[in-house]
Amino acid sequence: EDQVTQSPEALRLQEGESSSLNCSYTVSGLRGLFWYRQDPGKGPEFLFTLYSAGEEKEKERLKATLTKKESFLHITAPKPEDSATYLCAVQAPGNQFYFGTGTSLTVIP
Amino acid sequence: DSGVTQTPKHLITATGQRVTLRCSPRSGDLSVYWYQQSLDQGLQFLIQYYNGEERAKGNILERFSAQQFPDLHSELNLSSLELGDSALYFCASSGREGSDQPQHFGDGTRLSIL
């Protein structure tokens with residue numbers, strides 16, 4: 001069964017303390033892996049798309065990487081405004097989309 | 001602001017009733033996706049339309065149906081509502097069908113079944 005698992009479920013960091021979020025997937029025939037940020041009461045906001053193993057994308061303090069079975073979202077020197085839930089999603093053949101349950105990140109000043 | 005508009009923001013109704021959720025995609029986007037987000041689950045993909053035609057179906061119940069109109073707005077119809085249907089319903093849109101098109105989400109409709 002196609003599945004997306006994110007870890008940890010929750011993460012508390014001090015401001016400036018770098019860390020990584022994990023997204024592992026069992027989807028066959030991956031067409032794309034997506035990272036989103038979701039703030040309370042809002043819809044997910046698109047961050048990155050990755051297509052093949054070895055690919056990396058960066059945006060400000062965030063960097064996403066992809067291997068054959070997992071993706072990492074690295075957060076460098078986070079700030080309180082980076083606090084949010086980070087969602088990972090994969091697109092499988094047949095245009096099926098599977099989301100993980102997210103990592104809730106809190107950055108403490 | 002993603003440019004995707006969902007109405008209403010909140011909806012409270014009773015079991016057995018029927019409701020319609022509406023979504024206006026970003027200007028120029030042809031694809032619309034519907035998702036359900038419950039407290040204990042992640043976003044569950046329901047259905048996708050592209051330029052008026054159904055393109056993909058996920059875990060959508062038979063009591064649920066959707067359509068996309070010629071002006072590209074979409075409606076999700078939920079009938080014979082049950083307590084378990086209480087959730088956030090999100091609509092997303094993208095420009096084309098390809099995986100290189102990120103989905104842009106609205107802020108959702110919160111449905112509460114009493």
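Points worth noting:
- Only residues that are farther than 22 Å from B:Asn59 by Cα, in contact with a Leu (Cβ under 9 Å, 6 or more places away or on another chain) and among the charged types (D, E, K, R) were counted across segment B:10-38, and they come to 1.
- Selection status of A:Gly29, open to solvent by less than 60 Å² (accessible area, probe 1.4 Å), touching a residue at least 12 places away in the same chain (Cβ under 8 Å) and either assigned to a strand (DSSP E or B) or of a type outside the set (A, V, I, L, M, F, W, C) (or both): yes
- When segment A:57-109 is filtered for residues that are outside any loop (DSSP other than H, G, I, E, B), open to solvent by 50 Å² or more (accessible area, probe 1.4 Å) and within 10 Å of another protein chain (Cβ to nearest Cβ), only A:Tyr98 remains.
- All of B:Arg22, B:Arg18 fail the test of being of a type in the set (D, E, K, R), in contact (Cβ under 8 Å) with a residue 24 or more places away in the chain and loosely packed, with under 14 Cβ neighbours inside 10 Å, apart from B:Arg18.
- Any chance A:Gly54 is more than 23 Å from B:Ser93 (Cα to Cα) and either in contact (Cβ under 8 Å) with a residue 60 or more places away in the chain or in a loop (DSSP other than H, G, I, E, B) (or both): yes
- Test: residue in segment B:90-102 that is at negative phi, without any contact (Cβ under 8 Å) to a residue 24 or more places away in the chain, among the basic types (Lys, Arg) and not in a strand (DSSP E or B): no
A quick yes/no check of all residues on (1) within 10 Å of the chain's Cα centre (by Cα); (2) more than 10 Å from every other protein chain (Cβ to nearest Cβ); (3) of a type in the set (D, E, K, R):
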site	(1), (2), (3)
B:His10	no, yes, no
B:Arg26	no, yes, yes
B:Trp34	yes, yes, no
B:Phe45	yes, no, no
B:Tyr50	no, no, no
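- Filtering segment B:66-75 for residues that are more than 11 Å from the chain's Cα centre (by Cα), surrounded by 17 or more Cβ atoms within 10 Å (Cβ to Cβ) and within 10 Å of chain A (Cβ to nearest Cβ) leaves an empty set.
- Any hit, segment A:2-13, residues being open to solvent by less than 60 Å² (accessible area, probe 1.4 Å), on the phi > 0 side of the Ramachandran plot and touching a residue at least 12 places away in the same chain (Cβ under 8 Å): no
- Those residues of segment B:37-57 which are open to solvent by 30 Å² or more (accessible area, probe 1.4 Å) and within 16 Å of A:Val4 (Cβ to Cβ), in sequence order: B:Gln37, B:Asp40, B:Gln41, B:Gln44
The values are calculated or read from the model by the stated rules, or taken from the named source; none is laboratory data. Everything numeric in this text was worked out from a predicted model, so none of it was measured. Please note: Cβ atoms are built from the backbone with ideal geometry, for glycine as well, and neighbour counts cover all protein chains shown. For accessibility, only protein heavy atoms count, side chains too; no ligands or nucleic acids. Shrake-Rupley method; radii C 1.70, N 1.55, O 1.52, S 1.80 Å.
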